[in-house]
Amino acid sequence: MRYQPVPSSHDAASAESDLLSLPTTDTGEAVVAAVAGEFGACDVWFAGPENWLAASHAVVVRLYARQGSARVMIGQVNLLDVLHTEDPDRVSSAWVFSARGVEAQGLEVSCQRGSGGVNLTDGRFFLRAKTSAAEPAILGAGGLPGLKAVTVSNIVQVQPAGAVTVTQSQASALSATVVQGSAAALQTTAAQGGAGAAAARWPVYLSDGSAAQGTTGNPLYIGRIRDGAATFAAASGLVGTGTTVTTKSLAYLWHPSSSTKRVEIRRIRVSYFPGVATGTVAVLFRAVRITAVSGSPGGTTLTASALDLSDSTSLTLMTGATAAPTRPAASQADVFALALTATSSGVFEWRAADWGKPIVMRASSAEGLEVLADVKGALTTQMQAAVNFEWVEI
């Protein structure tokens, strides 16, 4: 059995099984349809010959939800017991499951037959999942339960006689007068006055349990909070890898200690073009942390481009430096490494995930990120590469 999930929109996905065959000797449970993604609702349908719904075959359908490494069954039903329709060609269609409010990172449908009856053929299951969906409802008799009328009685409104006045003794505080003029109207008058100085306002303290949040060193992440941050990009020209067995700096982004901005790298792209080698020669494109730069590095220093020209940055991009910056010890892992043959061409992109932290350069810290070429064998003609960085400063 195989299945192929098909995304149908930005918030929905569908999966359809092949035409299934379940001989009497095959009584094991098998996954027939699955989708992966963030979903909160799904529906499972079946179409096939009417004998799939016979009691002697005891076809059981199960629905599983996945969250990380956890896999939990959230529904099980005998196919005979579900609401189904039979057309004149004796093909039955059934709505097997309708799940709402189950937040999952993936959904799976499985089926399992009993040992009785005859061989089953030409059955198919359909799974459609959405990020969210309304509760199923059909207005009218039959099918799903219709809406029910609800009557609420014995509601009593109680009001005090006369006016109610609320005052606060402090001259700078909020004073409010609430007057109930009639049974049907509540009138409110509130005189707040001018705003106080920042030092006199009530403080709001956000904490992660041990330290204040909302600071440069411990920022508060709330969904799309970075959308308004100053954003920059810098791209190198073509830089050669060299032809000898060595490491060659392609480009590095340097954050000086004079910068009080926290830098978060969103994207790094490496475009590479082939060289010529005798035999198979490996070349690694590596991204490493650097802690210092040479005073005379050679190469070309480029000024970053602001996506909004009203923003400015103190970061610089160095391309093709002949004097290498200070790199980490060999025991420290690279941020990423791309291994390929010297005759390869293509584009590699590293992108920050939607959860967790991006690559961070801390405020008031001298540090940077370098992309270098690590040539593992002699080349007749060097490879060429271009490096692009995109980051935000907060």
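Every number here is computed from the coordinates shown, using simple stated rules; none is lab data. Predicted model, so just to flag it, every value in this text is computed and none were measured. Cβ: placed from backbone, ideal geometry, glycine included. Neighbour counts: every protein chain shown.
DSSP loop chymotrypsin sites (Phe, Trp or Tyr not before Pro) in the range 341-391 with at most 15 other Cβ atoms within 10 Å of their Cβ, which ones? Numbers along the way, then the final one.
Numbers: sites: Phe348, Trp350, Trp355, Phe389, Trp391; in loops: Trp355.
Here the sparse-neighbourhood loop sites are Trp355.
Phe348 versus Thr380, label points 7 Å from Cα toward the beta carbon: distance in nm?
Using points 7 Å along Cα→Cβ, the separation is 2.5 nm.
With the contact rule set at Cα under 8 Å and sequence spacing of 6 or more, what percent relative contact order holds for the range 3-130?
Values: 339 pairs, mean separation 56.0, N = 128.
44 percent.
So if each residue of separation counts as 0.36 nm, and I subtract the Cα-Cα distance between Arg71 and Thr24, what length gain in nm does that give? Mind showing how you got there, number by number?
Working: separation 47, 0.36 × 47 = 16.92 nm, distance 2.78 nm.
Length gained, Arg71 through Thr24: 14.1 nm.
Fewest to most neighbouring Cβ within 10 Å: what's the order for Lys261, Lys357? Each step should come with its number before you reach the end.
Numbers: Lys261 20, Lys357 10.
Exposure proxy ranking, most exposed first: Lys357, Lys261.
Label points 7 Å out from Cα along the Cβ direction at Val31 and Gln105: separation in nm?
So the label points at Val31 and Gln105 sit 1.4 nm apart.
Would you mind computing, in nm to one decimal, how far apart the modelled labels at Ala195 and Ser93 are, each placed 7 Å from Cα along Cα→Cβ?
The answer from the label model is 6.0 nm.
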